[in-house]
Amino acid sequence: MEEQQEKEELRQLAQCLKDFLGLDRMYTNPYAILSFLADQTIKNIEANRHTSFKSAEIAKTVSNGNSEPSAWLSQYWKKIDRDLKPLHINGLSEFALKRGLKKYPWVTKIESPGGAGHQAQYLITGIEIDKSIVVKSDRFSDVPFDIEYVAVQDIKPSFIARFIFNANHSAIGWRKWLLVFYPMLEMVAFSLLGSVLILGFFMGNHAITSRDLVYLIFIYFTFLLCKHAYQRSHAFLNDRIIMASDHFMSFKENNIVQELVTVNNDQGDFLYKKVQLTKYVGICPICSAQVVLEKGEPDFSKRVVGRCKESPREHVYSFDRTMKKGNRLI
């Protein structure tokens, strides 16, 4: 009976990891390894087989057996354990709590004793969820909602963003203030450009020419850029969240928000604020498609909303960044 209960707990952990990875389908080898372990653990539990896997088993499926298993897997294990785990601890913990689990799933490596024929083994285990995350989740457990969002932190920032943000895509200290006032710096730069154009236009004493018309067009577009920069700065300072600038995202990345996050200690006392780049995703309760965050315009001006990828104009949800929940708007 106890053995059966342990198997069921492991199956729930594996299913949790599988569903979490499916929220924002990522196809690199480290994620393929995690997906294989989650999926195969579920299948093996149902078939009453082993739930730990050797390098050869994983490499045969994920790498198509084209490499030496141990060497191939070792190069990705460092990224899984050192890079991906810290990135996903909070999001995966919250996702596990929403499923009624007391632990979040991750992969553990059991080193081999050495010698010919011995390989390291990899298995899914449950890790205790940080108490602060549990307390925060319990605060909003009774709030009604239509959709829940999960933070997916493995995003691809641009070169500029890598300079400003740390490995967890957050900025504190002077970098935080740079981001808070970044739109204002843009506005100042555009204003200086506009001033130069205006001077160039009015300094001439000749009749209006085609060059002057070009000046006027450039002045108009400079004004629009200044207006846009001011609106972004005003929105971020007042709403604490905006869609991230294209300057901070790689070419293929989108649906990332820039938010001002309050960090507290275990007792709930304020420590500091940070600027965070985050990608939130959810599952549409109507059609089960992925829901991502986008601007609310034109129907929901000045808001960040969740839009279903299959029906972005009809399946629209609010987004509360504190609770990470939302309700249907349309």
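The values are calculated or read from the model by the stated rules, or taken from the named source; none is laboratory data. Being a predicted model, the structure only gives us computed values, none of them experimental. For neighbour counting, all protein chains shown are included, and Cβ atoms are generated from backbone atoms with ideal geometry for every residue, glycine included.
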**Asked** On the given criteria, is Ala59 of a type in the set (Gly, Ala, Ser) and either modelled with pLDDT under 90 or farther than 24 Å from Glu9 by Cβ (or both)?
**Response** yes
**Item:** Of all residues in the stretch 141-180 being among the hydroxyl-bearing types (Ser, Thr, Tyr) and closer than 23 Å to Lys79 by Cβ, the one that is nearest to the chain's Cα centre (by Cα)
**Value:** Ser170
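Yes or no, residue by residue, for (1) closer than 26 Å to Arg313 by Cα; (2) of a type in the set (Val, Ile, Thr); (3) exposed (fewer than 15 other Cβ atoms within 10 Å of the Cβ); (4) at pLDDT 90 or above:
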position	(1), (2), (3), (4)
Leu225	no, no, no, no
Met243	yes, no, no, yes
Val263	no, yes, yes, no
Val291	yes, yes, no, yes
**Residue check for Arg307: surrounded by 13 or more Cβ atoms within 10 Å (Cβ to Cβ) and more than 19 Å from the chain's Cα centre (by Cα)** = no
**Asked** Name the strands (runs of 3 or more DSSP E) wholly within the stretch 96-161 that hold at least 3 residues that are touching a Ser or Thr at 6+ places or on another chain (Cβ under 6 Å)?
**Response** 121-128
**Lone unmet requirement of (1) exposed (fewer than 14 other Cβ atoms within 10 Å of the Cβ); (2) closer than 17 Å to Ile110 by Cα for Leu73** = (1)
**Item:** Subset of the stretch 315-330 [charged (D, E, K, R) and either outside any loop (DSSP other than H, G, I, E, B) or at pLDDT 95 or above (or both)]
**Value:** Asp320, Lys325, Arg328
**Request:** Out of Phe300, Phe218, Phe236, Phe251, report the one residue that is free of Cβ contacts under 8 Å to residues at least 40 places away in the same chain, part of a helix (DSSP H, G or I) and more than 23 Å from Lys98 (Cα to Cα).
**Result:** Phe218
**Prompt:** Could we say that Arg49 is more than 24 Å from Ile283 (Cβ to Cβ) and either within 17 Å of the chain's Cα centre (by Cα) or free of Cβ contacts under 8 Å to residues at least 12 places away in the same chain (or both) here?
**Reply:** yes
**Request:** Return a yes/no flag: does the stretch 189-208 have any residue that is closer than 18 Å to Ile164 by Cβ and either over 37 Å from the mean Cα position of the chain (by Cα) or modelled with pLDDT under 75 (or both).
**Result:** yes
**the stretch 122-140 - residue that is at pLDDT 90 or above and surrounded by fewer than 18 Cβ atoms within 10 Å (Cβ to Cβ) and, of those, farthest from the chain's Cα centre (by Cα)** = Leu123
**Message:** Among the residues in the stretch 10-29, are any assigned to a loop (DSSP other than H, G, I, E, B) and either among the aromatic types (Phe, Trp, Tyr) or at pLDDT 90 or above (or both)?
**Reply:** yes
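Looking at the stretch 227-241, which of the residues that are among the aliphatic types (A, V, I, L, M) and more than 23 Å from Asn166 (Cα to Cα) is modelled with the highest pLDDT?
Among them, the one singled out is Ala235.
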**Prompt:** Just to be sure, is Ser70 among the small types (Gly, Ala, Ser) and within 30 Å of Thr322 (Cβ to Cβ)?
**Reply:** no
**Message:** Of everything in the stretch 99-120, what is under 18 Å from Asp81 (Cα atoms) and modelled with pLDDT of 90 or more? Give them in sequence order.
**Reply:** Lys103, Tyr104, Pro105, Trp106, Val107, Thr108, Lys109
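Going through the stretch 303-314 one residue at a time, which ones are of a type outside the set (Lys, Arg) and assigned to a loop (DSSP other than H, G, I, E, B)?
Listed by number, the residues that qualify are Glu310, Ser311, Pro312, Glu314.
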**Prompt:** Given (1) out of contact with any helix residue (DSSP H, G or I) (no Cβ under 7 Å at 6 or more places or on another chain); (2) within 24 Å of Phe145 (Cβ to Cβ), where does Val281 come up short, assuming only one miss?
**Reply:** (1)
